[in-house]
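Please read the structure below before turning to the comments.
The values are calculated or read from the model by the stated rules, or taken from the named source; none is laboratory data. Everything numeric in this text was worked out from a predicted model, so none of it was measured. When we count neighbours, we look across all protein chains shown, and the Cβ atoms used for this are built from the backbone with ideal geometry, even at glycine. Please note that ligands, DNA and RNA were not included when accessible areas were found on the heavy atoms of the full protein model with its side chains. Shrake-Rupley method; radii C 1.70, N 1.55, O 1.52, S 1.80 Å.
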Amino acid sequence: MSSSELQYIIELSGQRLLPVLNMDDRTPISKRLQLLRDKAHAWFKFNLHSFETVSILTELYSAGTFVANGHLCSWDDDEDSAMIIPILPKPSRRQIEHDWSPGTLCLVPGSTNLDVFMDPAQNLLAVVYAVPGGPLQSDDTVHIDLRALNGNSLHHQAAGRSLFLSGLQGFKTDDAKLEGFERHIALQRRQHGMPVASGTSSDRMWQLQIWDWQHSTASNCVLSGTFPDTHYENDLCFLGSNRLLFVTDNLNLYSIEDMSQTPQLLACFLMPVPLLGLECFLSMDDIQCSSEPQMQAQQTMYTSDPKDRLLCITTTSCTQVFIISTRIFFDLDGMAVATPIPWKCWGPANTRIFRHTDPSAVHVSGNRVLQAFPVNLPHSIHTEYILHVMDFSPLAVTNRRGLGRVVKEPSTVGIGKSGESLTTSLPYVEVILDRKFGSNVSELEEVWVDQDRIYLLNVNWERGDETFVMSLAPQSSWLEVIDV
């Protein structure tokens, strides 16, 4: 092994990346090493004033809008419409553009759409919907429809058009959420019991079901339980292809390697505070997917390590943001499944907690975090934001080449109104960018980051006439796209 090859392996490991095997790639190892280092350094010195603007339909602002694999995706549950458009597409990326007008996401008469999942990397669209089936409210049945994202045809890798659900007799679904990664799709739903559901221990239930949608339309991989109280929250995310994290008041790690049975609990990580209004996010956009087009694979020399990245958990109750290294969920040596792991044993060294007034001002990709912090001036009537980019990879200190601020010392954040506090110490390098966002008529509404871009959603609230009256609805919105 040459010196360049050894340095390349060390650099990949230090950036929490994995090499992508491509026999057609003739790029010398020394050049790959330099490109890898230059790319990491670029995140500490890119120009925030150099960007391209994409106008966005104002209707998309009020919808559930997100960025995935270089596409802007939205679903408006009130209007029952959806859209996906490529954002300044690159030649090496798959480009999908489609618009679903009201009533076209599901063609079953009388149905109600509960959630929509879009995965541009796999050209996959999944729609979960409820259909009334009898005189009682509890007679509603829930279905999941799969199709290609760029049309209404059956997805070429799907085992079938519809996935079959395991139902709870006498319970009606209140809400549902779809999540997916590669061959897995998960549906979590909350249900309440109807009068006919006598003999149950609670009239409020939750259920989680997971499918290998490429190989079967049925699934025995099901979890369910009762709500302990009226404030119960949950969310989930996939940790690669065989593990799933189910977040309640604690972090419950499950193995889904054997899809023929109930998910197997591997560990329970106790959280230090109740997670009210929680939402967890773990970006998988920068992980090479087996079903991505070959032209993109040929351009990729490395991919993010699914076992070593960042999980973001936000809470609305205490405005806390937990940034957690996922390596703790793969290093389980000596941990007993039956014994919950106290926060003090796993949390402080593998977590960094921040305070935020708006969960949409945080996004993660791989081992990087983008955060928009308010910088209000005294007596200001509007909010201005400034962006912070944080790199949590071990080699960030080296690749910054003197730029940014190294943060190794512990930080303490107060929680709630009790006066208690939490101290965390996951190290990172931080760059504070030299531009402010927001004015008396416009706001920075949401931020996203992926492996080589930053996306900033801005909204203008001014009516545009001579009265300068602020409107109750957005008058215009636009996306600023910054290449790194």
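Heavy atoms only, probe 1.4 Å: what % of the accessible area of segment 415-456 goes to carbon and sulfur, would you let me know? Intermediate values should be presented prior to the final figure.
On the way: 750 of 1790 Å².
Heavy-atom surface of segment 415-456 belonging to carbon and sulfur, 1.4 Å probe: 42 percent.
Heavy atoms only, probe 1.4 angstrom, no DNA, RNA or ligands counted: give me 30, 477 ranked by accessible area, highest first.
On the way: 30 70, 477 5 Å².
Ranked from most to least accessible, the order is 30, 477.
Using the Karplus curve 6.51 cos²θ - 1.76 cosθ + 1.60 with θ = phi - 60°, work out ³J(HN,Hα) for each residue of segment 419-432 in order, rounded to whole Hz, and write x for Gly and Pro.
x, 6, 9, 10, 10, 10, 8, 4, x, 7, 10, 10, 10, 9
Which loop trypsin sites (Lys or Arg not before Pro) in segment 1-41, with loop taken from DSSP, have no more than 16 other Cβ atoms within 10 angstrom of their Cβ?
Working: sites: 16, 26, 31, 32, 37, 39; in loops: 16, 26.
Within segment 1-41, the qualifying trypsin sites (Lys or Arg not before Pro) (loop, at most 16 other Cβ atoms within 10 Å) are 26.
Could you sort 483, 308 by their accessible area in this structure, using a 1.4 Å probe and putting the largest first? Intermediate results must be reported in sequence, preceding the final value.
Details: 483 75, 308 15 Å².
Accessible-area ranking of 483, 308, largest first: 483, 308.
Short version: ³J(HN,Hα) in whole Hz for each residue of segment 368-376, in order, from phi by Karplus 6.51 cos²θ - 1.76 cosθ + 1.60 (θ = phi - 60°), x for Gly and Pro, what are they?
Along segment 368-376, the couplings run 10, 10, 10, 10, 10, 9, x, 10, 4 Hz.
Note down the magnitude of the dipole of segment 71-121 about its Cα centre, charges +1 on Lys and Arg C-beta and -1 on Asp and Glu C-beta and zero elsewhere, to the nearest 20 debye. Intermediate values should be presented prior to the final figure.
On the way: 3 positive and 9 negative charges, 99 e Å.
For segment 71-121, the charge dipole is close to 480 debye.
Could you tell me which of the pairs 307/408; 90/408; 45/344; 45/436 are separated by over 26 angstrom between their Cα atoms in the structure shown?
Details: 307/408 23 Å; 90/408 37 Å; 45/344 36 Å; 45/436 16 Å.
Result: 90/408; 45/344 exceed 26 Å.
Accessible area of residue 345, 1.4 Å probe, to the nearest 10 Å²?
Here the residue's solvent-accessible area equals roughly 90 Å².
If every alpha-carbon in segment 1-93 counts as one equal scatterer, what log10 I(q)/I(0) does Debye give at q = 0.11, 0.19 1/Å?
Listed by q, the Debye log ratios stand at -0.57, -0.99.
At what distance in nm do the modelled label points of residue 77 and residue 224 sit from each other, each positioned 7 Å from its Cα along Cα→Cβ?
Label-label distance for residue 77 and residue 224, simple model: 2.2 nm.
Please calculate the 1.4 Å probe accessible area of residue 227, with all protein chains present, and give it to the nearest 10 Å².
Solvent-accessible area, nearest 10 Å²: 20 Å².
So which trypsin sites (Lys or Arg not before Pro) in segment 379-455 are both in a DSSP loop and have at most 15 other Cβ atoms within 10 Å of their Cβ? It would help to have the intermediate numbers written out before the result.
Details: sites: 400, 401, 405, 408, 417, 435, 436, 453; in loops: 400, 401, 408, 417.
Those that pass, being in a loop and sparsely packed, are 401, 408, 417.
Net charge near residue 275, counting Lys/Arg +1 and Asp/Glu -1 over other residues with Cβ under 9 Å of its Cβ?
-3
Considering the options 126, 160, 49, tell which one lies farthest towards the positive end of the dipole of segment 21-162, charges being +1 on Lys and Arg and -1 on Asp and Glu at the Cβ, about the Cα centre.
49
Only Lys, Arg, Asp and Glu count, each charged at its Cβ (+1, +1, -1, -1), so figure out the dipole size of segment 1-86 about its Cα centre, rounded to 20 debye. Display every interim value, and only then the final one.
On the way: 7 positive and 12 negative charges, 200 e Å.
Dipole of segment 1-86, to the nearest 20 debye: 960 debye.
Just grab the label-to-label distance for residue 307 and residue 411, each label 7 Å out from Cα along the Cβ direction, in nm (one decimal).
According to this spin-label approximation, the distance is 2.9 nm.
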